[in-house]
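Notes for the one structure printed next.
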Amino acid sequence: MASAHPDLLKGLKKLGSSAAEMEDETQSACHSLVSLLYGGSSTESLDSIRYELFAKKSYSNEKLPPTMDAFQQHLKRTNYQTFIWAHATQQYLKLPLSETSGWMKDEQQQLVLRLMSQPAAPDAVLVFVKCGCKSDCRYRRCGCRKEDMVCTTDACSCDSEQCINRVPYEDDTMIQTLRTNSCSWMICQKLNRSRPMCM
Ligand SMILES: [Zn+2]
Ligand SMILES: [Zn+2]
């Protein structure tokens, strides 16, 4: 792929040259590379490729390209890590705060990935996700689980005793936060999961 797009190499080579900021050329080369990997053109936005693949319905949600927002967060971490590797022979490195480079602190002040800075879909869409499962909502055929959302008493008609896709206690504000921050670490932590549900 690199030989077919020699123009991208120039931008990609500069990845990790500065930990604090990335040149536009590098950002756009990385974006083009990922667009090409997902079958788009080098100038097509990830959001539009994501939409096209979603509309074809032949890809499950987890196989879709990341949103532009999630990609930007990932790219910041990639640049930060590449900077560390590229300067591994130096004893002291001046690094920017991890919180400005694609990570954030959770409630216990532990660094966790900032998977996205915006909700995955407008609130109006997220609050309409619901299920009517007769089983325990364990598998992705549960509509909520499929969208990486927790089930709630208000929206879902699954059995609250049986359903394992719920937070242990339902607090209105927390549910609201969970519903508008799908795939965040918070959901997984509340459900005692070691990885985000979206993985
Ligand atoms: Zn369900
Ligand atoms: Zn359920």
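The values are calculated or read from the model by the stated rules, or taken from the named source; none is laboratory data. The structure displayed is predicted, hence computed values, not measured ones. We place every Cβ from the backbone using ideal geometry, glycine too, and count neighbours over all the protein chains shown.
Taking GLY40 and the conditions (1) more than 28 Å from ARG145 (Cβ to Cβ); (2) out of contact with any helix residue (DSSP H, G or I) (no Cβ under 8 Å at 6 or more places or on another chain); (3) not in a helix (DSSP H, G or I), which numbered condition does it fall short on, given that it satisfies the others?
Unmet condition: (2).
Across the range 43-62, what is the number of residues that are part of a helix (DSSP H, G or I) and touching a Leu at 6+ places or on another chain (Cβ under 7 Å)?
Our first condition is that a residue be part of a helix (DSSP H, G or I); within the range 43-62, this holds for 46-56, 61-62.
Among the residues that remain, those that are also touching a Leu at 6+ places or on another chain (Cβ under 7 Å) are: 50, 53-54.
Number satisfying all stated conditions: 3.
Looking only at helices (runs of 4 or more DSSP H) that fall completely inside the range 132-199, which ones have 2 or more residues that are within 10 Å of ligand 2 (Cβ to nearest atom), within 23 Å of LEU115 (Cβ to Cβ) and modelled with pLDDT of 85 or more? Lay out the reasoning, then the answer.
On the way: elements: 143-146, 172-180, 185-190.
Passing ranges, in order: 143-146.
Looking at the range 126-135, which of its residues are within 9 Å of ligand 1 (Cβ to nearest atom) and surrounded by 15 or more Cβ atoms within 10 Å (Cβ to Cβ)?
Within the range 126-135, LYS130, CYS131, CYS133 qualify.
Are any residues in the range 2-39 free of Cβ contacts under 8 Å to residues at least 60 places away in the same chain and on the phi > 0 side of the Ramachandran plot, and if so, which ones? It would help to see each step written out before you state the result.
Of the range 2-39, the ones free of Cβ contacts under 8 Å to residues at least 60 places away in the same chain are 2-14, 21-39.
Of everything in the range 2-39, just one residue is free of Cβ contacts under 8 Å to residues at least 60 places away in the same chain and on the phi > 0 side of the Ramachandran plot, namely GLY39.
Tell me yes or no: at least one residue of the range 40-50 is among the polar types (S, T, N, Q) and in contact (Cβ under 8 Å) with a residue 40 or more places away in the chain. Steps first, answer last, please.
Start the filter on the range 40-50 by keeping residues that are among the polar types (S, T, N, Q), which leaves 41-43, 45, 48.
Now restrict to residues that are in contact (Cβ under 8 Å) with a residue 40 or more places away in the chain: none.
No: the range 40-50 contains no residue that is among the polar types (S, T, N, Q) and in contact (Cβ under 8 Å) with a residue 40 or more places away in the chain.
I'd like to know if the range 86-98 contains one or more residues that are outside the structural domain of LEU15 (by TED's automatic domain parsing) and within 19 Å of THR67 (Cα to Cα).
no
Which of the residues spanning the range 80-105 are assigned to a loop (DSSP other than H, G, I, E, B), more than 18 Å from GLU23 (Cβ to Cβ) and of a type in the set (Ser, Thr, Tyr)?
THR89, TYR92
Check ASP69 against each of (1) more than 26 Å from LYS146 (Cα to Cα); (2) modelled with pLDDT under 95; (3) not basic (Lys, Arg); (4) not in a loop (DSSP other than H, G, I, E, B) and name the one condition it does not meet.
Of (1) more than 26 Å from LYS146 (Cα to Cα); (2) modelled with pLDDT under 95; (3) not basic (Lys, Arg); (4) not in a loop (DSSP other than H, G, I, E, B), only one is false for ASP69: (1).
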